[in-house]
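Remarks on the structure that follows.
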Amino acid sequence: MSIRIVTDSTCDLPAESINRYGIQVVPLYINVGKRGYLDGIDITRSEFYQNLPTYPEHPTTAVPSPQKFHAIYDTLADEGASHVLSIHISEALSAIVNVARVVAQETKSTQVMVLDSQQLSLGTGFLVETAAKMVAAGHAIEEIMAALKAQIKRTHVFAALDTLEFLKRSGRMNKYMAGFATLLQIKPILTMFQGQPGTEKVRTRERAMKRLVEMLAAVGAFERVAIVHTHAALDRIAELRAQAAHLLPQEALMTEDITPVIGAHIGPGALGFAVVGKGK
């Protein structure tokens with residue numbers, strides 16, 4: 001049995017992990033005016049976040065076409081894959097998993113199993129990495145699926161926004177509410193757990209930082225943890241790391257920029273954690 005892993009560009013895994021395990025990444029589209037970019041290919045995350053405040057039109061995002069999935073699944077079949085495991089950002093946030101499901105049903109060249117990660121960013125990425133490691137260790141597809149479904153129940157992502165301007169620009173917040181919340185120094189904390197997006201409202205950046213550490217502590221013991229952010233300032237990342245130091249492992253901590261597909265809506269400066277609680 002030969003199993004290959006497919007994911008999308010919102011998983012935020014570093015290139016080292018993608019290359020090591022031969023993971024296939026389907027890029028989403030970022031559209032700025034009449035120009036379209038493939039996420040992670042035509043534009044870097046640094047370029048996107050640096051330019052985001054000055055784009056004349058607010059960026060929009062789009063999922064890949066079914067033809068793109070057909071091409072990837074068929075290519076993997078030609079390379080000898082008996083099974084393809086396709087793991088994607090939560091359907092609560094994107095339609096990409098539904099596109100993958102339709103194409104999986106149409107694919108005859110190999111057996112394709114599609115998994116809704118019920119997460120975003122490294123919440124998805126950690127699932128993809130777990131799957132890839134289990135494939136490398138020779139586990140059966142049924143064992144891998146069972147492990148991933150268990151991990152979904154232990155995976156949390158939460159981040160504090162630094163600005164409400166981009167929620168307003170993307171139409172996800174009324175401009176009057178955004179102005180009022182900005183006046184009150186409200187810093188929303190966005191959460192994602194088992195496919196359910198949530199929001200907490202905290203006043204001031206300092207209180208938001210404290211609340212992020214409290215939320216990390218509430219997870220308890222964990223298997224994986226990383227700082228995720230949308231091009232946040234290095235000193236703010238260092239501050240969060242310092243405040244959470246008593247909870248974090250001693251070894252190097254993964255720190256990753258969140259995909260512009262999400263960042264287009266929440267803006268630069270968002271900062272938080274992706275964490276997988278320890279299994280029983």
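Structure data summary
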| read-out | value |
| --- | --- |
| Single residue of Asp235, Asp257 found to be surrounded by fewer than 22 Cβ atoms within 10 Å (Cβ to Cβ) and without any contact (Cβ under 8 Å) to a residue 40 or more places away in the chain | Asp235 |
| When residues of the stretch 110-160 are limited to those that are part of a loop (DSSP other than H, G, I, E, B) and under 19 Å from the mean Cα position of the chain (by Cα), the one surrounded by the fewest Cβ atoms within 10 Å (Cβ to Cβ) | Lys153 |
| Hits in the stretch 196-232 (condition: small (Gly, Ala, Ser) and either at pLDDT 95 or above or surrounded by 14 or more Cβ atoms within 10 Å (Cβ to Cβ) (or both)) | Ala208, Ala217, Ala218, Ala226, Ala232 |
| Within the stretch 15-41, tally of residues that are within 20 Å of the chain's Cα centre (by Cα), exposed (fewer than 14 other Cβ atoms within 10 Å of the Cβ) and not in a helix (DSSP H, G or I) | 2 |
| Unmet requirement for Ile87, which otherwise passes all of (1) part of a helix (DSSP H, G or I); (2) touching a helix residue (DSSP H, G or I) at 6+ places or on another chain (Cβ under 7 Å) | (1) |
| Verdict on Ala140 being over 18 Å from Ser2 (Cα atoms) and either touching a residue at least 12 places away in the same chain (Cβ under 8 Å) or hydrophobic (A, V, I, L, M, F, W, C) (or both) | no |
| Residue within the stretch 272-279 that is out of contact with any helix residue (DSSP H, G or I) (no Cβ under 6 Å at 6 or more places or on another chain) and closer than 23 Å to Glu16 by Cα present | no |
| Cβ pairs under 6 Å, 6+ apart, first in the stretch 13-27 and farther than 15 Å from Thr259 by Cα and in the same structural domain as Gly123 (by TED's automatic domain parsing), second crowded, with 16+ Cβ neighbours inside 10 Å and of a type in the set (Gly, Ala, Ser) | Tyr21/Ala132; Ile23/Ala132 |
| Where Thr61 falls short, out of the listed (1) farther than 20 Å from Val128 by Cα; (2) assigned to a strand (DSSP E or B); (3) modelled with pLDDT of 95 or more | (3) |
| Residue match in the stretch 66-74 (condition: in the same structural domain as Ser109 (by TED's automatic domain parsing), in a helix (DSSP H, G or I), free of Cβ contacts under 8 Å to residues at least 12 places away in the same chain and under 30 Å from Ile144 (Cβ atoms)) | yes |
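The values are calculated or read from the model by the stated rules, or taken from the named source; none is laboratory data. Every value quoted in this text rests on a predicted model; they were computed, and no experiment measured them. Reconstructed Cβ throughout: ideal geometry from the backbone, glycine too, with neighbour counts over all protein chains shown.
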